[in-house]
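Chemist: Handing you this structure, nothing more for now.
Throughout, read-outs are computed from the coordinates displayed, never taken from laboratory work. It should be emphasised that the depicted structure is a prediction, and the values quoted were computed from it without experimental measurement. Methodologically, a virtual Cβ is constructed for each residue, glycine included, from the backbone with ideal geometry; neighbour enumeration extends over all protein chains shown.
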Amino acid sequence: MPQVSLTVNGRRETIEVEARTLLVELLREKLGLTGTHVGCDTSQCGACVVHLDGQSVKSCSILALQAEGTRVTTVEGLAAADGTLHPMQDMFREFHALQCGFCTPGMVMTAIDLVQSHPEGLTEAQIRHGLEGNLCRCTGYHNIVKAIAAGWHLMHGKPVAQAAE
Amino acid sequence: MYDFSYTKPICLADAVLALNGLDAKALAGGQSFIPVLKQRLNRPSLVVDLAGLGLSGITVSDDAVTIGATTTHAAVAANSDVQKAFPALACLAAGIGDLQVRHRGTIGGSLANNDPAADYPAVALATAATLHTTTRTLTADEFFQGMFTTALEPDEIITAVSFPIPHQAAYVKFRNPASRYAMVGVFVARGEPGVRVAVTGAGQNGVFRHAAMEQALSRSWSPAALEGIATPAEGLNSDIHGSADYRAHLVGVMAKRAVGLAES
């Protein structure tokens with residue numbers, strides 16, 4: 001069986017996979033990282049979003065073998081070792097940006113990508129456009145957008161502009 | 001999906017050799033192909049990953065933008081030279097799929113797949129682009145041969161695409177809200193090849209040129225020139241997202257918006 005070597009959440013892993021094994025299957029079933037979710041069959045919902053070499057990608061639409069030699073970060077890789085939440089996770093909590101939580105790991109990973117790729121600023125329109133690959137059935141998106149706007153400020157060392165209510 | 005063998009060649013000759021095998025298929029970004037495999041619509045015995053071939057890159061000259069086949073949509077959209085020289089192309093790339101799809105999907109994969117609702121076929125046809133492959137060069141007019149069908153041989157790989165830079169151009173699409181595919185997308189361009197109008201998303205045979213609109217816009221390049229130019233519903237797609245008549249109407253609306261955008 002083929003083997004794939006990659007770094008996941010800072011840890012080097014070498015795993016036996018089938019050629020048809022998806023990256024999301026490797027993460028969930030081989031590595032037990034079940035924070036990344038499978039929400040659809042059609043590559044639309046984004047519950048499976050992780051970071052691959054710093055970019056948000058849909059892990060359900062990548063073969064594990066395509067991730068050879070890459071650095072993957074999942075939602076489990078965000079919080080500090082002592083449990084302190086990543087600022088984006090904290091803002092999702094603060095702004096009530098989740099209800100059932102199923103879309104949330106993908107939302108948070110996309111959110112972090114948006115913030116990191118917009119050092120100059122992130123408008124509401126850019127956030128909403130950037131979330132087109134992440135579907136949520138619970139929240140109506142407004143609190144997610146607010147959380148991401150606040151997350152941008154925190155991650156760039158600025159005070160949060162608007163209180164959560 | 002069904003299992004298969006996987007190989008990632010590091011030179012084009014090996015890739016062509018691998019594709020010569022029975023039931024071998026090329027994998028670029030995988031954003032169309034992996035969903036196809038998951039739905040069992042295709043059952044290759046060998047998947048040939050093109051990512052190791054060094055086919056990624058963008059060059060902008062005075063009159064053309066040349067893009068390597070495995071260049072991602074995100075890379076095209078973010079390229080400042082393309083944004084300056086051919087902004088409609090950068091905008092088109094920025095509107096494909098979603099952020100994650102754009103981080104993986106490639107121009108070569110999009111063109112070789114020729115999905116009838118894909119965006120790149122529209123700009124290729126509207127600018128009379130040239131497709132460079134492992135064996136020859138093809139014009140856009142001869143490349144697109146029908147839904148999911150191109151002039152490519154089974155072992156032929158697109159290496160790069162050259163887009164002549166038009167004087168004025170724009171792309172407007174009406175997207176399906178979930179998949180973000182074009183229900184109708186119209187690319188209008190005025191340049192060295194004259195006026196061309198390419199329509200994607202609407203036709204049963206994939207991207208097509210709209211002769212009546214091209215003639216009208218050649219006489220007068222303005223949204224008003226498209227008043228009363230009908231698009232026959234025959235040959236257009238009818239599906240759960242919209243009827244052929246609805247798409248025919250949308251073609252007119254998107255075309256007028258595109259010309260308006262191109263003028264500004």
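Chemist: Could you derive backbone 3J(HN,Hα) for segment A:51-65 from the dihedral phi with the Karplus parameters 6.51, -1.76 and 1.60 (θ = phi - 60°), listing whole Hz in sequence and x where the residue is Gly or Pro?
Modeler: These are the phi-based 3J(HN,Hα) values: 9, 10, 6, x, 10, 6, 9, 8, 5, 7, 10, 9, 6, 3, 5 Hz.
Chemist: Taking 7 Å along the Cα-to-C-beta vector as the label spot, tell me the B:Thr135-B:Thr59 distance in nanometres, rounded to one decimal.
Modeler: Roughly 2.4 nm, to one decimal.
Chemist: Can you pick out the pairs among A:Lys30/B:Lys8; A:Lys146/B:Lys256; A:Lys146/B:Lys84 whose Cα atoms lie more than 31 Å from each other? Walk me through the numbers on the way to the answer.
Modeler: Values: A:Lys30/B:Lys8 23 Å; A:Lys146/B:Lys256 36 Å; A:Lys146/B:Lys84 33 Å.
The pairs that break the limit, which is 31 Å between Cα atoms, are A:Lys146/B:Lys256; A:Lys146/B:Lys84.
Chemist: Here is a further query. Report the Cα centroid-to-centroid distance between segment B:63-94 and segment B:124-165 in angstrom, as an integer.
Modeler: Their Cα centres are 17 Å away from one another.
Chemist: Within the set of other residues whose C-beta is less than 10 Å from the C-beta of B:Ala74, count the net charge using Lys and Arg as +1 and Asp and Glu as -1.
Modeler: Numbers: positive: B:Arg102, B:Arg104; negative: none.
Local net charge: +2.
Chemist: Turning to a different aspect of this structure: Just tell me how shielded A:62-69 is by partners: mean number of partner chain Cβ atoms within 10 Å of each residue's Cβ, no decimals.
Modeler: Working: counts 6, 10, 1, 6, 10, 0, 4, 0.
Per residue, the average neighbour count from other chains is 5.
Chemist: Show that you can apply the helix-only estimate: for the protein assembly as shown, add -39,500 (n - 2.57) for every DSSP H stretch of four or more residues, divide by all residues, and state [θ] at 222 nm to the nearest 500. List each step's numbers first, then the result.
Modeler: Details: 15 runs with 129 residues, N = 429.
Result for the protein assembly as shown: -8500 deg cm²/dmol, rounded to the nearest 500.
Chemist: How tilted is helix B:244-263 with respect to the longest principal axis of chain B? Cα atoms for both, answer in degrees (0 to 90, nearest 10).
Modeler: Once rounded, the angle reads 80 degrees.
Chemist: List the aspartates and glutamates whose Cα sits under 13 Å from the Cα of B:Lys173, skipping any in the same chain fewer than 8 residues away.
Modeler: Within reach: B:Asp119.
Chemist: Quick one: grab the alpha carbon gyration tensor of the protein assembly as shown, order the square roots of its eigenvalues as a ≥ b ≥ c, and give me rounded if a/c is under 1.5, else prolate or oblate depending on whether a/b is larger than b/c.
Modeler: Values: a/c = 1.89, a/b = 1.29, b/c = 1.46.
Because a/c hits 1.5 or more and a/b fails to exceed b/c, the protein assembly as shown counts as oblate.
Chemist: Averaged over its residues, how many other protein chain Cβ atoms are within 10 Å of peptide B:91-103's Cβ atoms?
Modeler: Values: counts 0, 0, 0, 1, 2, 0, 5, 14, 16, 21, 8, 4, 10.
Taking all residues of B:91-103 together, the mean is 6.
Chemist: Taking neighbour Cβ counts within 10 Å as the exposure measure, how do A:Asp113, B:Asp245, A:Asp82, A:Asp90 sort from fewest upward?
Modeler: Numbers: A:Asp113 20, B:Asp245 12, A:Asp82 5, A:Asp90 16.
By the 10 Å Cβ count, ascending: A:Asp82, B:Asp245, A:Asp90, A:Asp113.
Chemist: A:Arg12 to A:Glu29: extension gain in nm, 0.36 nm per residue of separation minus the Cα-Cα distance? Walk me through the numbers on the way to the answer.
Modeler: On the way: separation 17, 0.36 × 17 = 6.12 nm, distance 1.67 nm.
Here the answer is 4.5 nm.
Chemist: Which FRET efficiency value, to the nearest 0.05, is calculated for B:Glu192 and B:Ala13 with the Förster distance at 45 angstrom and r the Cβ-Cβ distance?
Modeler: Numbers: r = 35 Å, r/R0 = 0.77.
Calculated value: 0.85.
Chemist: Magnitude of the Cβ-charge dipole of segment B:5-164, K/R +1 and D/E -1, about the Cα centre, nearest 20 debye?
Modeler: Details: 9 positive and 14 negative charges, 110 e Å.
Charge dipole, segment B:5-164, about its Cα centre: 540 debye, nearest 20.
Chemist: Can you tell me which of B:144-152, A:96-104 comes out highest on packing, and rank the rest after it, using the mean Cβ neighbours within 10 Å? Present the calculation step by step, with values, prior to reporting the outcome.
Modeler: Numbers: B:144-152: 16.3, A:96-104: 18.3.
Highest mean packing first, the order is A:96-104, B:144-152.
Chemist: Evaluate peptide B:27-38: per residue, the Cβ atoms of other protein chains within 10 Å of its Cβ; return the mean as an integer. Write out the running numbers ahead of the final one.
Modeler: Working: counts 3, 0, 4, 6, 5, 2, 2, 10, 7, 0, 3, 7.
Per residue, the number of nearby Cβ atoms from other chains is 4 on average.
Chemist: Something else now. Given B:Val186, A:Leu23, B:Pro223, which one lies farthest toward the positive end of the charge dipole of the protein assembly as shown, if we put +1 on the Cβ of every Lys and Arg and -1 on the Cβ of every Asp and Glu?
Modeler: Comparing the listed Cα positions along the dipole, B:Pro223 ranks first.
Chemist: What spacing in nm lies between the two simple spin-label points modelled at B:Tyr2 and B:Ala230, each 7 Å away from Cα in the Cβ direction?
Modeler: 4.6
Chemist: With r as the distance between the Cβ atoms of A:Gln99 and B:Gln204 and R0 = 56 Å, compute the FRET efficiency 1/(1 + (r/R0)^6) and round to 0.05. Mind dumping the intermediate values first?
Modeler: Values: r = 42 Å, r/R0 = 0.74.
Efficiency computed from Cβ-Cβ geometry: 0.85.
Chemist: Around B:Gln168, which amide H atoms from residues at least 5 apart in sequence, or from another chain, sit under 5 Å from its own amide H, with H modelled in the peptide plane?
Modeler: B:Arg190
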